[in-house]
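Trainee: Next up is a structure, given as C-alpha cells.
The values are calculated or read from the model by the stated rules, or taken from the named source; none is laboratory data. Not measured: the values here are computed from a predicted model. Cβ placement follows ideal geometry from the backbone for every residue including glycine, while neighbour counts extend to all protein chains displayed.
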C-alpha cells in the first residue's frame, strides 16, 4: 500500500462539509485467492511469495498469521515460525482479474473510486449512484456482492474522512465492518496505539514512546510546536490525525508517479554484504508491486537513510523500460555499489521505479530527516 500519509492534496474542488467515505480492504487477498482456487488449502497456513533462502512473503493467510507470519517477512523466518507453511508463487494475472471484478462492483455505487492497490480502495459515496443514501448500507451491499461474485471476503470501514475509514476497515478484520460516525472520530483515535496510524512504523513508534507518546490521546496532548520540533514535516499530519481530521478527497483515476518499496531495518547495518542481502529483498517486493500495477518505467532510484536520519539517493534512467526483476536488481546493485563503503550505518533501504508510461523523468528529492517516519 503506497499512499503517502499527510500528502498535499487537501484542497477540494467540491463543496466543503462532511463526506461519506468507505475504505474496502480485501482479507489476505492473494492467499485467499489461492485458497479459493485450491479448496484443499482452506483452513491451512498459506503464504504467497518466494520459498528460497532470499524469498519474501507478499502476504499470508490468517491461519499463517496466527503463528506470527506477516507480509514482507523473509520466507526463511516464516518457515521457522510455521514449519507447515504452504507456499504458492504469486499469480498476478489472476489477482488483477479478480481486482477488476471488485472495482466493477464499486463503480455500480459511485464513480469516485480511488484504488490504492489491487486489494483496497477508497470510495466516496456522499452522492451514490443508486440513491441509497446510507454509506453503511452501501458497504454491506458491496461486501455481500464481493462474497457472492468472487467467493472472497472483504472488510470495510465507514466514516467521514479517509484517515478514519482506513482505520475502521482494519478494526474488525477479517470479514468485518466498522463505522465511525461524525463526532466520534477524535474519541476513536484517542484510544488507539500510535502504531496503528498510517505512516508510523516500528521506529517511528519507538521514537514516540521515548517522548511519552503511546496512544492517540498522548499525541493529541502535544502542541504543534512540539510536533514540529521532533517530527518536522510530519507534524501537521500527526496533529490532524490525533484529532481525527483528514481533508484529503477521494481521487478517482489518480496518476501513478512511481512504484516502490522501502523497509526500516530492525538493526542498523553498514556492511556491504548485509546491505546487498537487504536490497535483494527490496527488489523482490518492488518487482511484485510493479507486476501488480502493470507499470513500466525507466528510472530506478535507490534510497538510504542513515542512523542519524540523514539520507542519500542515487538514480539511473535507462533507454528502455525495466523488463524483469533481474534487470531491476542489476540497476539497484549498481547504484548501491556507487555509495559503498558507507560513512554511517543505514536504518532504511528503499527502491523505486519511476518515469512511468512516458512521463518526464524527475530527480528524486533528498531523503532528509523530515522524510516519513517509517516504511510504507
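Trainee: Can you work out which of the residues in the range 300-349 that are over 27 Å from residue 231 (Cβ atoms) and assigned to a strand (DSSP E or B) is modelled with the highest pLDDT?
Mentor: 300
Trainee: Oh, and also: Is it true that some residue in the range 123-141 is free of Cβ contacts under 8 Å to residues at least 12 places away in the same chain and farther than 30 Å from residue 160 by Cα?
Mentor: Checked against the condition, which is being free of Cβ contacts under 8 Å to residues at least 12 places away in the same chain and farther than 30 Å from residue 160 by Cα, the range 123-141 yields no hits at all.
Trainee: Further question: Scanning the range 92-110 for residues that are free of Cβ contacts under 8 Å to residues at least 60 places away in the same chain and surrounded by fewer than 18 Cβ atoms within 10 Å (Cβ to Cβ), which turns out farthest from the chain's Cα centre (by Cα)?
Mentor: Among residues in the range 92-110 that are free of Cβ contacts under 8 Å to residues at least 60 places away in the same chain and surrounded by fewer than 18 Cβ atoms within 10 Å (Cβ to Cβ), the one farthest from the chain's Cα centre (by Cα) is 108.
Trainee: Do you know which residues across the range 21-54 are crowded, with 22+ Cβ neighbours inside 10 Å and over 19 Å from residue 94 (Cα atoms)?
Mentor: Scanning the range 21-54 gives 21, 22, 23, 24, 45.
Trainee: Look through the range 127-164, keep the residues that are in a loop (DSSP other than H, G, I, E, B) and touching a strand residue (DSSP E or B) at 6+ places or on another chain (Cβ under 8 Å), and return whichever of them is nearest to residue 291 (Cα to Cα).
Mentor: The qualifying residue nearest to residue 291 (Cα to Cα) is 152.
Trainee: Let me ask something else. What tally of residues in the range 257-287 results from selecting those that are touching a strand residue (DSSP E or B) at 6+ places or on another chain (Cβ under 8 Å) and more than 13 Å from residue 346 (Cβ to Cβ)?
Mentor: 10
Trainee: Same structure, new question: Restricting attention to the range 13-39, which residues are at pLDDT below 60 and either within 23 Å of residue 156 (Cβ to Cβ) or in a helix (DSSP H, G or I) (or both)?
Mentor: The answer is 14, and nothing else.
Trainee: Of everything in the range 284-298, what is more than 15 Å from residue 99 (Cβ to Cβ) and either modelled with pLDDT under 75 or not in a loop (DSSP other than H, G, I, E, B) (or both)? Give them in sequence order. Break it down into steps so the answer makes sense when it comes.
Mentor: In the first step, residues of the range 284-298 are kept if they are more than 15 Å from residue 99 (Cβ to Cβ); the result is 284-287, 290, 296-298.
Passing the criteria: 284, 285, 286, 287, 290, 297, 298.
Trainee: Mind checking which residues of the range 166-204 are surrounded by fewer than 18 Cβ atoms within 10 Å (Cβ to Cβ), touching a residue at least 12 places away in the same chain (Cβ under 8 Å), within 21 Å of the chain's Cα centre (by Cα) and part of a helix (DSSP H, G or I)?
Mentor: If the condition is that a residue be surrounded by fewer than 18 Cβ atoms within 10 Å (Cβ to Cβ), touching a residue at least 12 places away in the same chain (Cβ under 8 Å), within 21 Å of the chain's Cα centre (by Cα) and part of a helix (DSSP H, G or I), then 196, 202 are the ones that fit.
Trainee: Now, a different point. Restricting attention to the range 238-250, which residues are over 16 Å from residue 112 (Cβ atoms) and surrounded by fewer than 23 Cβ atoms within 10 Å (Cβ to Cβ)?
Mentor: Initially, the range 238-250 is screened for residues over 16 Å from residue 112 (Cβ atoms), giving 238-245.
Matches in the range 238-250: 239, 240, 243, 245.
Trainee: Taking the range 250-269 only, how many residues are at pLDDT 85 or above, out of contact with any helix residue (DSSP H, G or I) (no Cβ under 8 Å at 6 or more places or on another chain) and outside any strand (DSSP E or B)?
Mentor: Total meeting the criteria: 2.
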